[in-house]
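**Student:** Input: one structure, supplied below.
The values are calculated or read from the model by the stated rules, or taken from the named source; none is laboratory data. The model shown is predicted, which means the values in this text are computed figures rather than measured ones. Positions of Cβ are generated from backbone atoms using ideal geometry, with glycine treated the same way; all protein chains shown enter the neighbour counts. With ligands, DNA and RNA removed, areas are computed over all heavy atoms of the protein, side chains included. Shrake-Rupley method; radii C 1.70, N 1.55, O 1.52, S 1.80 Å.
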Amino acid sequence: MAVGVFDLFSIGIGPSSSHTVGPMRAAAVFAEELKASGDLDKVASLRVDLYGSLAATGHGHGTMTAILLGLEGFHPELILPEEVEERLAAIAETGKLQLAGSVQLPYGVQDMILRP
């Protein structure tokens, strides 16, 4: 079995790709599926529960940041560094995120429940 360099390394925000790339992709897929189902505008609130190592070390490894960006519809391999800072500042300032890039919801890191 041949293994290439792209099999070993992921492109995405850090500092720990296992705690950012996967959660960001999962959050983006969730938001996209919600939009595709036609139920996006029915969402009034959102809560994320994190388990295991994502909960235990998520703050230090950027998991919460990655999830917020994923819920907005960003993917790790496509988001630009300046977009990361811009969106995080907007979420912090307004207390709202753009679920799937279109529905504004009150949301922030405080809405993530940690269950280590």
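**Student:** Have a look at Pro76, Leu50, Pro106 and report the one farthest towards the positive end of the charge dipole of the chain, computed about the Cα centre with Cβ charges (Lys/Arg +1, Asp/Glu -1).
**Tutor:** It is Leu50, whose Cα lies furthest towards the positive end.
**Student:** Heavy atoms only, probe 1.4 Å: what % of the accessible area of the chain goes to carbon and sulfur, would you let me know? Walk me through the numbers before you get to the answer.
**Tutor:** Numbers: 3900 of 6760 Å².
That fraction is 58 percent.
**Student:** Non-local amide H neighbours of Lys96 (under 5 Å, H modeled in plane, Pro and chain starts lacking H): which ones?
**Tutor:** It is Tyr107, by chain and number.
**Student:** Roughly how many Å² is the accessible area per residue of the chain, as a whole number, for a 1.4 Å probe?
**Tutor:** Numbers: 6760 Å² over 116 residues.
Result: 58 Å² per residue.
**Student:** Need one word for region 41-116: rounded, prolate or oblate. Basis is the Cα gyration tensor (sqrt eigenvalues a ≥ b ≥ c); a/c below 1.5 gives rounded, then a/b vs b/c decides.
**Tutor:** Oblate, because a/c is 1.5 or more while a/b does not exceed b/c.
**Student:** A further question on this structure: Could you state the angle between the C-alpha long axis of helix 81-94 and the longest principal axis of the C-alpha atoms of the chain, as a value from 0 to 90 degrees rounded to the nearest 10?
**Tutor:** 30 degrees
**Student:** How long is the gain from Glu77 to Arg115 if the chain were fully straight, where each residue apart is worth 0.36 nm and the alpha carbon distance is subtracted?
**Tutor:** Gain on extension, Glu77 to Arg115, equals 10.9 nm.
**Student:** Right, here's the next one. Per the helix-only calculation at 222 nm, which mean residue ellipticity applies to the chain, given -39500 (n - 2.57) for every DSSP H run of n ≥ 4 and division by its residues, nearest 500 deg cm²/dmol?
**Tutor:** That comes out to -15000 deg cm²/dmol.
**Student:** Can you give the charge dipole size of the chain about its Cα centre, rounded to the nearest 20 debye, using +1 on the beta carbon of Lys and Arg and -1 on the beta carbon of Asp and Glu?
**Tutor:** It works out to roughly 340 debye.
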